[in-house]
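The structure appears right after this line, and notes come after that.
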Amino acid sequence: MAVYKAALINEIEKLYKKKKALVALIISLVVIVLGQLAVVGVRSGFGVRGAGSVEFPVLVLSVVVNTILPLFTALIAIDCFSGEFSHNLMRVTLTRPVSRLKIYTAKVTAIAVFILANLLILMVFSMLAGFLFNANSATITAVARTVLVYVISLFPLFTLALGIVFLANILKSGTSVFFVAIIAFLAIKAFGIFFSEYASLLITTQLDWYNLWLANSLPLAKIGREFCLMLGYALMFFAAGFYLFDKKEF
């Protein structure tokens, strides 16, 4: 466990120094500012209340979870694997007295930490923006539900990241992985639109999993089914990705 912990800290430090993490945060904050300006503009121009202090963070989440966060999650996942493959940094990592399983697990855990950190920072700033412009609509229950939907959004995003890690261990070029991931993401999105009866089985549809938790009466059966699907995808991507990573020669 101590070896894994050291490997994890090392991977988190490497992610912390990457400019992509900072850019993802800045763009997320820009989305918050623009979103709140739009809400204020609608309220003052048309007399419509717009999104309340707790509704606004959910509105922000609905935008970033389908656009910004998957994009930067892909870039971070590619950097952790394809980036190190191309610069021969992985060979240096493997010279340390750490098993490949622990290195692989530390890398994907660091990606999960990156996703969760971005979600929590986005949540805090969007809630602050909501309270600043419409504090009267906040309740403890609504705030707790907002925290919940942000935290649980980690699961579909992390599952998506594991799929990209799997691709990164198939293709050598980070650019190839990025474009294949984007094309696959858009293709799966389109498939879900044209074949809506199968949409609930798709990983892209599960990015909106948080909507199930916003219902007044929780659809526990559907939540459980979606969770099992994501868990199945995650286990398959993790196992397949590690198999390829373990067989690679550096």
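Quick look at the values:
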read-out: Modelled FRET efficiency - R0 35 Å, residue 29 with residue 183, Cβ distances, 0.05 increments; value: 0.75
read-out: Potential extension, residue 175-residue 139 segment - 0.36 nm per residue separation minus Cα distance; value: 8.4 nm
read-out: Loop GluC sites (Glu not before Pro), the range 171-250 (other Cβ atoms within 10 Å of the site Cβ: 10 or fewer; DSSP); value: 249
read-out: Exposure of residue 8 as accessible area (Å², to 10), given a probe of 1.4 Å and all protein chains; value: 30
read-out: Cβ-derived FRET efficiency at R0 35 Å, residue 194 paired with residue 113, nearest 0.05; value: 0.45
read-out: FRET efficiency estimate (nearest 0.05) - Cβ-Cβ, residue 1 to residue 152, R0 25 angstrom; value: 0.40
read-out: Simple label model, 7 Å out from Cα along Cβ direction - residue 99 to residue 227, nm; value: 2.9
read-out: Extension gain from residue 16 to residue 236, taking 0.36 nm per residue of separation minus the Cα-Cα distance; value: 76.4 nm
read-out: Gyration tensor verdict on the range 65-107 (Cα atoms; rounded if a/c is under 1.5, prolate if a/b is larger than b/c, oblate otherwise); value: oblate
read-out: Global form of the range 120-250, assessed from the alpha-carbon gyration tensor, a/c cut-off 1.5; value: prolate
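The values are calculated or read from the model by the stated rules, or taken from the named source; none is laboratory data. Just so you know, these numbers come straight off a predicted model, no measurement behind them. For neighbour counting, all protein chains shown are included, and Cβ atoms are generated from backbone atoms with ideal geometry for every residue, glycine included. The accessibility values were calculated without ligands, DNA or RNA, using every heavy atom of the protein model including side chains. Shrake-Rupley method; radii C 1.70, N 1.55, O 1.52, S 1.80 Å.
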